[in-house]
Amino acid sequence: MPTPLLTTEHPRSPARPFPGPERLRELWAIDRHAGIVRFAQSATGKVALVAAFAALARLLDVSLPYVLAAAAFAYLPAWRGAILVMAAGVSLARTSDFWLGRVASVAAQELLPAPSARLAAFAALALFFAGAWAALAHVRRNPTGLLARRPVVCLLWVAAGLCALASVPLLQGWVRAAAWLLLVVHGTYLWCLAYALQDQRTRARGPRSLQMGLFQPFWRSGVGSYTPTPFGKGAAFLRKHQAANSEELAVTQLKALKLLAWTAILLALQRVLVDMVEVRLELPATASIYRAFLEGRPYPVATSWGSLAWATLGGALAFAIWGHKIVAVARLAGFRLPRNTWRPLEAQTLAEFWNRYYYYFKELLVEFFFLPTFLRAFRRHPRLRVFFATFMAAGVGNAAYHFLRDIHLVATMGWRDATTGFASYLFYSAVLATGIGISQARTTAGRQPPRSWTGFLRCVLCVWFFFVCLRVFGDETRSFPLGDRVAFFLSLFGIDR
Amino acid sequence: MTSSDKATLRDFMRACLASAGDHQDLSDDESLFMSGRLDSLAMTTLIVFLEESFGVDFAVVGFDVERVDSIAAMESLVDMGTVWSA
């Protein structure tokens, strides 16, 4: 039975002039108050809840139509499939500029007028989704075939084939633009398709139309910048996390409201910090720091460290805000999804950090890279088995994901410059994978983090210091070559080239 | 799977949950991984346990999260592994 908010003791009675932490936690726990949960199930309560959510969403730049789609999804169970597919279709139709922007250089090279460029975009999207539909059908008919057993390997080979096709010099005009677009689309939706292919082998798999709707779900569409990472993983995970009755739905939606309110608080905090750090202290951005170093007029070491620390911490805050918005909309729809970012400042090991910082990306790497490797390689050597599987996930998988996500840079910069520029991220992935692999292996061997406060602080600071250092190599731009970044990194420790 | 084997499996899963700070009851059909009660590191520990204690070879039976997501599912998996290796 949840603890009632109202007790015989008024929160501001003389014995307790101000609400203590427990009281604040009680006030915050609206999803555990029986009366509020009951109210959220009534017609008035539903309207109030959605209105409150929409008001917060507007404050946080979450697109209102997708919020309404989430509410409709929650309250119209018979229409859920149709809502999912329609919202995905509307979102795709509205994103032609996004896809065109990805291959703008190719369109410019081919002197494509706008209508031809849009035709290429729609052709590429249609071709990809037709191919995905056929792939799902194939796996249903052949559940033991190669595509069913090794979907990611097959899809990565398709990506390689598309890379080769798009690079063929004979292609011209809108066909060349469409080939690049098909590669970009494939690199973006590859992971959604992988989850969908996996789901075809389960007993309770949904219809193919539902699977396709999850490629562009409304909870991802309404929030700013696009990501290839499936939030909510695939249909199987979403089925397990869907509210089973009206009470569960009400609790999940109240959690959605709480999460969005928390996001608004984080946004306010972000604005205060940005004002303090970037406006008043005038801390330069990391790109300025690198440029100044390369031009022979480096900033003081303390300023460089400050810039890196702010980029890491401020970046984590912005990232949390973004992920919370997506999960909140999914929760409004009735999916009891875990947060993407959860208390990253409490991570005591490198392995734990990734679970707390980017949960859905970690799950993607575990499912498609870690587990397949773990099940097959070094089975007689436990620590090497864990380390190698972790390296394949956090190193190889991580690099493959980001290279394919930004494959449009190959169209813009050419193969040589794009791959040379990616060397820094490859280095970052290798170091990150080694660190997490060692961390995992130590945990598997039974090593526990210290329980004291000083030990806790020491571990947390070490984890964040590692990521601040790694920031030099992992900022995903291709502007500064690896050698220059290494030189800059060494200069932070007083080592000049 | 014998009742003794099942008790061993159940004790192992309780220990995994306890190390994750989860001391709630565990029923045979309850979801362990897809519900988020246990994470991927616990899954690797479970895989090794099933391989060493029951001789399950995932390269032969194939790996699927649903097959290890509950005590009942693991019981079926072990029985299937026994049939495959017989």
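The values are calculated or read from the model by the stated rules, or taken from the named source; none is laboratory data. Nothing here was measured: the structure is a model prediction, and the numbers come from that model. Counting neighbours? That spans all protein chains shown, and the Cβs are built from the backbone with ideal geometry, glycine included. Side chains included, ligands, DNA and RNA excluded: accessible areas come from the protein's heavy atoms. Shrake-Rupley method; radii C 1.70, N 1.55, O 1.52, S 1.80 Å.
The table for this structure:
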item: Residues satisfying the stated conditions in segment A:240-298, i.e. of a type outside the set (Val, Ile, Thr), under 17 Å from A:Arg339 (Cα atoms), open to solvent by 40 Å² or more (accessible area, probe 1.4 Å) and free of Cβ contacts under 8 Å to residues at least 60 places away in the same chain; result: A:Lys240
item: Hits in segment A:439-460 (condition: open to solvent by 90 Å² or more (accessible area, probe 1.4 Å) and closer than 12 Å to A:Leu384 by Cα); result: A:Arg442
item: Segment B:16-44 - residue that is within 7 Å of chain A (Cβ to nearest Cβ) and farther than 15 Å from B:Ala72 by Cβ and, of those, most open to solvent (accessible area, probe 1.4 Å); result: B:Asp39
item: Residues that are touching a residue at least 40 places away in the same chain (Cβ under 8 Å), over 25 Å from A:Pro151 (Cα atoms) and open to solvent by 10 Å² or more (accessible area, probe 1.4 Å), drawn from segment B:50-74; result: B:Ser53, B:Phe54, B:Ala72
item: Test: A:Phe489 is open to solvent by 40 Å² or more (accessible area, probe 1.4 Å) and either more than 23 Å from the chain's Cα centre (by Cα) or modelled with pLDDT under 90 (or both); result: yes
item: Residue list for segment A:445-497, filter: touching a Phe, Trp or Tyr at 6+ places or on another chain (Cβ under 6 Å) and among the small types (Gly, Ala, Ser); result: A:Gly474
item: Enumeration of residues in segment A:336-374 that are open to solvent by 50 Å² or more (accessible area, probe 1.4 Å) and among the aliphatic types (A, V, I, L, M); result: A:Leu345
item: Residue within segment B:56-64 that is more than 14 Å from every other protein chain (Cβ to nearest Cβ), over 21 Å from A:Lys240 (Cβ atoms) and in a loop (DSSP other than H, G, I, E, B) present; result: no
item: Only listed residue being surrounded by fewer than 21 Cβ atoms within 10 Å (Cβ to Cβ) and either free of Cβ contacts under 8 Å to residues at least 12 places away in the same chain or of a type in the set (Val, Ile, Thr) (or both), chosen from A:Leu165, A:Leu170, A:Leu127, A:Leu119; result: A:Leu170
item: Residue match in segment A:302-325 (condition: touching a residue at least 60 places away in the same chain (Cβ under 8 Å), among the polar types (S, T, N, Q) and not in a helix (DSSP H, G or I)); result: no
item: Some residue of segment B:45-57 being at pLDDT below 85 and touching a helix residue (DSSP H, G or I) at 6+ places or on another chain (Cβ under 8 Å); result: no
item: Residue in segment A:375-402 that is farthest from A:Leu190 (Cα to Cα), counting only those that are more than 14 Å from chain B (Cβ to nearest Cβ) and open to solvent by less than 40 Å² (accessible area, probe 1.4 Å); result: A:Gly395
item: Residue count for segment A:65-116, restricted to those that are at pLDDT below 90, among the small types (Gly, Ala, Ser) and either in contact with a His (Cβ under 6 Å, 6 or more places away or on another chain) or buried (at least 19 other Cβ atoms within 10 Å of the Cβ) (or both); result: 2
item: Whichever residue in segment A:173-190 is surrounded by fewer than 24 Cβ atoms within 10 Å (Cβ to Cβ) and aromatic (Phe, Trp, Tyr) and, among such residues, is nearest to A:Ala117 (Cα to Cα); result: A:Trp174
